[in-house]
Each structure stands twice: as C-alpha cells, then as structure tokens.
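Input: a single structure, listed below in structure tokens.
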Amino acid sequence: MRSLFKLLLLLLTSGFGHLMAQKLNKMPENNISVKEVEAHLRFLASNEMQGRRTGEITENIAARYIAEQFRLNGIKPIGENGDFLQTVPLEVTKPSKSGVITAGEDKLEWGKDFITLSGKNLKLENAEVVYVGYGWIDENHNDYKNVDVKGKIVLCQFGIPENNQPFQNITGSAKKIKFAAENGALALIQIYNLNFPFANITRNYGNERLSAKPDFNAEIPHIWVNSNYSKWISDKPLKNISLDVTEVSKKNVNAYNVVGVIEGTDPNLKNEYIVLSAHFDHIGMGKKYGKITESDSVFNGTRDNATGTTALLMAAKALSQQKTKRSILLLGYTGEELGMLGSRYYAEHPLLPLKQCVFNLNSDGAGYNDSTKVTIIGLHRTTAENEIIDGSKVLGLVAIDDPVPEQNLFDRSDNVSLAAKGIPAPNYSPGLTAFDAEIGKFYHQAADNPENVSMSYISRFCKAFIYSARLIANKAETPIWKAGDKYEAASKKLYGQ
Ligand SMILES: [Zn+2]
C-alpha cells in the first residue's frame with residue numbers, strides 16, 4: 001500500500017515538474033545565456049567600478065548602466081525628466097569634533113561624553129533646560145503639549161515611546177530635532193540609553209558620514225550624551241547648562257534609484273504591480289572599508305549584490321519579451337549598504353501608488369554555499385510561496401526558508417522598506433544554508449570577485465527568480481501576507497481591507 005502510494009505521488013509530482021519544464025521552454029527566460037549573465041555581472045562587479053559606493057561616481061555609473069539596459073529592452077521610464085532615475089537626496093555631515101558642555105560638577109568631553117549630530121556653533125552660559133520626556137510627537141503622543149521650550153534647551157531621553165527595536169530608536173531619535181526646532185528650542189540634548197557602548201555611537205555617528213537628507217532644515221545643535229549622565233533626567237531633571245559646541249558641516253550629494261515599468265496584458269490585473277527590486281550599491285574600495293591585500297583593494301560586491309542586480313536586468317529582458325498579466329515595476333535601489341537609503345526613500349516617495357503594488361520580490365544576498373538551492377527570506381510568510389517553490393524547482397533549485405531566523409534577516413534588507421508599508425515582500429537570495437566559513441570568505445570581503453562564482457549557477461538563479469516572478473504576476477489570486485504576520489495590520493491599512 002505504502003509503496004504504491006509513494007509511486008503514485010512520484011508519478012504525480014514528476015508529471016507536474018515535467019509539465020512546468022515544458023512551460024518554461026516556451027518562456028524567454030529559458031533563452032537567457034550564461035554569457036549574457038556573465039557580461040552584466042563582470043561589468044557591475046569589475047575593479048573599474050571600485051565597489052559602487054553610494055555617493056561616488058561609480059555608483060552613478062551602475063545606475064546609468066541599469067537605466068540603459070532597461071531602455072534597450074523597451075521598459076517604460078517613470079523617473080524624472082522622462083528618464084529612469086529617481087534622485088535620492090543625501091547629505092554628508094562632518095562634525096568638527098570639539099566643544100564642551102558643563103552642568104554643575106559635570107564637564108563633558110566631545111566624543112567620550114557627547115557628540116553633535118547637526119547644527120551651527122552655539123555658546124550659552126547657564127541656559128535654561130526643559131525636560132520633555134521622549135521629546136516625541138505622533139498621532140498618539142505629544143511631549144511638547146503644554147510646555148514652553150522657546151529660547152530654552154530641550155533635554156529628553158533617547159528613543160521613541162513604546163518601542164524596543166534598537167534600530168528604530170536610533171532613526172526615531174534622529175528625527176526628534178525637527179520637533180525641538182519647530183517648538184523654538186535653542187538646542188536638543190538626548191541622553192543615550194541603548195545597550196551598545198557609546199564608543200560605537202561615536203564611531204558611527206560622530207564621524208563624517210553619508211545619510212538621508214532630512215526633509216526639514218534645523219540649524220540648532222543636536223546633541224547625544226553618554227548614558228553616564230542619565231541622572232540628568234532622573235527624579236530631579238537638570239535645570240541649567242552651559243555649552244560651547246561647534247558646527248557640523250553639511251554637503252548635499254545625490255544618489256539615484258532606477259525605476260521602470262512593464263505594462264501587464266490583462267485589462268484588470270494590469271492595474272496591480274509586482275515590484276521586482278535589487279540594490280546595486282556596495283561598500284567601495286580601500287582599507288577604510290575593510291581588510292584589503294596588496295593585489296586586491298576593491299570590494300567588488302559580486303554576490304552582494306551584482307548578482308541580484310543582474311537578476312533584475314535579466315527580468316527586464318525576459319518579462320518584456322513575454323509579458324505577464326499583472327504589470328511589473330522594476331526597481332534598482334541605491335544606498336542599501338549605508339542603511340537602506342534608496343528603498344526607504346522610495347517607500348516614502350513612491351512613483352506609483354503603493355496600494356497598487358501588491359507584491360515585492362527583492363533579490364539580495366550575502367553569498368551562497370549550496371548551488372542546489374535558493375534561500376527565500378520570508379518564503380512561508382505570503383501566499384506566493386508555491387509560485388516561488390515551483391518557479392525555482394523548474395530550474396532544478398530547491399527553495400528553502402531563512403536558515404537563521406534569529407538574525408532577523410527579513411528586516412535587514414531592502415524588502416523591509418515596502419513590507420513595513422504592508423506590501424508582501426520576501427527576499428530571494430542564492431542558496432545559503434548557514435553563515436559558515438564559505439559565506440564569510442566572501443561576504444563584504446575584497447575577495448568577492450566575479451572570477452570565483454559559478455556563472456552557470458548565477459544564470460540558473462536569475463532564471464529561477466524571473467520564472468517565480470512570472471508565476472506570481474500571472475497568479476489568479478492576488479498574493480497576500482499569511483494571517484497573523486507582523487506586517488498584516490500595515491497591509492490592511494494600505495489596501496483598505
Ligand atoms: Zn546586499
């Protein structure tokens with residue numbers, strides 16, 4: 001009985017596989033050649049591209065390359081001036097690393113006890129301080145209600161109310177300068193309280209850095225103080241302070257997302273968009289970005305993420321040659337390595353209504369240690385799981401789920417920018433079964449060169465990504481989050497269910 005059942009199952013499943021393979025034969029992705037994949041990959045990951053660091057000319061060249069490949073394939077541009085580019089405004093901030101703050105017996109040193117994130121020079125003796133809790137304003141919360149901070153220094157605790165995500169507390173804290181400035185304060189001081197040492201904060205935020213340009217312009221000093229001074233906000237908050245802080249200089253820099261559309265063929269379904277995305281930036285070249293050798297100083301980012309970018313380029317070709325029922329939005333992201341700057345900007349400044357974007361398949365990866373597999377972060381979190389599993393299987397690849405859920409990879413790549421808005425958004429990456437030595441050898445290393453990947457595997461990976469996307473874009477039902485997912489509430493808000 002049992003073996004008969006097994007045999008029947010085998011016949012059924014192999015029959016299905018056969019049928020699917022036949023279908024693929026007729027699809028343009030089947031004609032994608034290894035040479036074509038290799039050419040894109042070798043260009044993007046070449047030494048001449050100097051590691052595609054955001055804000056540098058070589059990263060803009062990568063954006064232009066993607067845009068012109070889109071043009072070649074007849075993709076419709078939806079960027080600025082009839083082109084494929086969306087400007088992502090960034091700024092370089094550079095603190096002058098000097099100044100002093102005193103309060104009673106406390107004398108604070110720049111870098112060790114405090115840093116300035118932005119603002120002009122300011123010198124004040126015994127200025128009045130107002131403690132305002134979190135210093136936060138949103139729909140449910142206003143720490144500035146009934147307090148007058150005009151002409152005073154605002155003191156607050158770090159982070160945002162009712163949130164225990166360290167990263168969100170850092171980005172939220174960065175936003176608070178707006179509230180202080182709008183309420184007429186002379187400066188904002190936050191008492192740092194996260195578990196990472198303040199020295200790390202100084203290293204990351206106290207040096208020259210490229211970040212998103214805020215959409216408001218506050219000139220008042222923004223200061224983060226080491227948790228050693230948390231007594232300043234305890235039962236008897238500080239009343240007066242003297243400070244002498246120096247300017248943080250600013251310079252505008254533009255980076256670019258690349259955006260294009262393939263219109264769907266079904267009169268109704270074409271109003272729904274499947275977003276295919278990949279970041280094309282990497283970390284640059286030279287020893288300030290990691291370990292280099294005499295013969296290799298470029299962080300080529302072949303795996304991370306010339307591979308996903310190539311998958312996006314091949315998707316532009318295959319999906320425009322034979323169109324799908326739903327429309328396709330192709331999105332190349334800048335700035336992932338510096339904090340998902342491109343995808344976060346796009347999520348706040350979409351070029352198509354987000355509620356028409358029903359699904360996002362992002363491609364990004366750390367590398368691969370198993371070329372019989374593809375690893376899908378969030379595989380089982382949406383109702384497109386079968387399309388992804390089947391679309392990969394036809395190319396002989398087994399789709400596996402996140403092998404390291406404890407690392408929360410889902411929320412650490414560009415897919416999260418649209419996921420947090422409610423759009424179901426798994427990440428499609430090369431076969432990774434664990435963060436082992438094989439991954440470590442190349443991940444963010446100068447050794448991540450195009451010569452040491454299997455071009456036939458990368459080519460199969462690209463086809464599997466595209467074929468999975470095709471199945472999703474032609475699926476009768478619109479894919480959604482599975483019930484109970486942490487982004488389900490955002491999804492209901494976005495799509496109005
Ligand atoms: Zn990446």
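Rule-based calculations on the coordinates, nothing more; no lab input. Here the structure is a predicted model, which is why all the values come from computation and not from measurement. Note: ideal-geometry Cβ built from the backbone for every residue, glycine included; neighbour counts use all protein chains shown.
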Subject >> Hydrodynamic radius by Kirkwood, which averages 1/r over all alpha carbon pairs of segment 167-206, in angstrom >> reply: 11.4 Å
Original post:
Quick one: which of 311-317, 191-197 comes out on top by average Cβ neighbours within 10 Å, and what's the full order, highest first?
Top reply: 311-317, 191-197
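With +1 on the Cβ of every Lys and Arg and -1 on the Cβ of every Asp and Glu, and nothing else charged, how large is the dipole of the chain about its Cα centre, in debye rounded to the nearest 20?
Working: 56 positive and 55 negative charges, 162 e Å.
For the chain, the charge dipole is close to 780 debye.
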Subject >> Backbone HN-Hα couplings from phi across segment 113-119 [Karplus 6.51/-1.76/1.60, Hz, Gly and Pro as x] >> reply: 10, 7, 9, 10, 8, 6, x
Original post:
segment 97-246: D in µm²/s via Stokes-Einstein (Kirkwood Rh, Cα pairs, 10 °C, 1.306 mPa s)?
Top reply: 103 µm²/s
Subject >> Point-to-point label distance, ASP436-SER295, nm (Cα→Cβ direction, 7 Å offset) >> reply: 2.7 nm
Subject >> Cleavage-rule hits (GluC sites (Glu not before Pro)) in segment 217-280: DSSP loop, at most 16 neighbouring Cβ within 10 angstrom >> reply: GLU219, GLU263
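As an exercise, identify the GluC sites (Glu not before Pro) in segment 412-497 lying in DSSP coil whose Cβ has no more than 12 other Cβ atoms within 10 Å. Numbers along the way, then the final one.
Details: sites: GLU438, GLU451, GLU477, GLU488; in loops: GLU477.
Loop-located and lightly packed - GLU477.
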**OP:** Per residue of segment 395-405, in order, report the coupling 6.51 cos²θ - 1.76 cosθ + 1.60 (Karplus, θ = phi - 60°) as ³J(HN,Hα) in whole Hz, putting x for Gly and Pro.
**Re:** 8, x, 10, 8, 7, 10, 7, 2, x, 10, x
Original post:
What trypsin sites (Lys or Arg not before Pro) in segment 121-229 are in a loop by DSSP, with at most 11 other Cβ atoms within 10 Å of the Cβ?
Top reply: LYS145, LYS150
Subject >> the chain: antiparallel DSSP beta bridges as a percent of all, rounded to 5 >> reply: 60 percent
**OP:** Send over the semi-axes of segment 80-125's equivalent ellipsoid, whole angstrom and largest first, taken as the square roots of 5 times the C-alpha gyration tensor eigenvalues.
**Re:** 39, 11, 7
**OP:** For segment 123-132, just list the computed ³J(HN,Hα) in residue order, Karplus coefficients 6.51, -1.76 and 1.60, θ = phi - 60°, integers in Hz, with x standing in for Gly and Pro.
**Re:** 10, 9, 9, 6, 6, 6, 10, 10, 8, 10
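Can you give the Kirkwood hydrodynamic radius of segment 291-387 from its Cα pairs, in Å with one decimal? Walk me through the numbers on the way to the answer.
Working: mean 1/r = 0.0623 Å⁻¹.
Averaging 1/r across every pair of different Cα atoms and inverting gives 16.1 Å.
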**OP:** Collect residues whose amide H, placed 1.01 Å from N in the peptide plane, falls under 5 Å from the amide H of ALA187; neighbours closer than 5 in sequence don't count.
**Re:** VAL154
Subject >> lysines whose Cα lies under 28 Å from that of LYS317, excluding same-chain neighbours fewer than 8 positions away >> reply: LYS23, LYS26, LYS35, LYS76, LYS270, LYS325, LYS355, LYS373, LYS393, LYS463, LYS475
Original post:
Using Cα pairs under 8 angstrom and six or more residues apart, how large is the relative contact order of segment 296-377, in percent?
Top reply: 41 percent
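Normalise the Cα radius of gyration of the chain by 2.2 N^0.38 Å (N = residues in it) and let me know the number.
Details: Rg = 25.1 Å, N = 497, 2.2 N^0.38 = 23.3 Å.
For the chain, the normalised Cα radius of gyration comes out at 1.08.
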Original post:
Taking Cα pairs under 8 Å and at least six residues apart, what relative contact order does the chain come out at, in percent?
Top reply: 20 percent
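Hey, can you rank 388-394, 29-35 by average C-beta count inside 10 Å, highest first? If you can, show how the numbers build up before the last one.
Working: 388-394: 23.0, 29-35: 14.9.
With the highest mean Cβ count within 10 Å placed first, the list reads 388-394, 29-35.
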**OP:** For THR265 paired with GLU105, estimate the spin-label separation in nm (one decimal), with each label point 7 Å from Cα along the Cα-to-Cβ line.
**Re:** 7.9 nm
Subject >> Long-range amide H partners of LEU432 with built H, under 5 Å >> reply: ASN369, THR375
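For segment 369-497, what does the equivalent ellipsoid look like in terms of its semi-axes, each the square root of 5 times an eigenvalue of the Cα gyration tensor, given largest first in whole Å?
27, 18, 12
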Original post:
What are the lysines whose alpha-carbon lies under 18 Å from the alpha-carbon of LYS150, with same-chain residues fewer than 8 places away excluded?
Top reply: LYS120, LYS123, LYS176, LYS178, LYS239
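Can you give the local net charge around ASN452? Use residues other than it whose beta-carbon is closer than 14 angstrom to its beta-carbon, Lys and Arg +1, Asp and Glu -1. Display every interim value, and only then the final one.
Values: positive: ARG42, ARG303, LYS441; negative: GLU38, ASP296, ASP304, GLU438, ASP448, GLU451.
Neighbourhood net charge equals -3.
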Original post:
What do the square roots of 5 times the Cα gyration tensor eigenvalues come to for segment 103-155, in whole Å, largest first, as semi-axes of the equivalent ellipsoid?
Top reply: 24, 14, 12
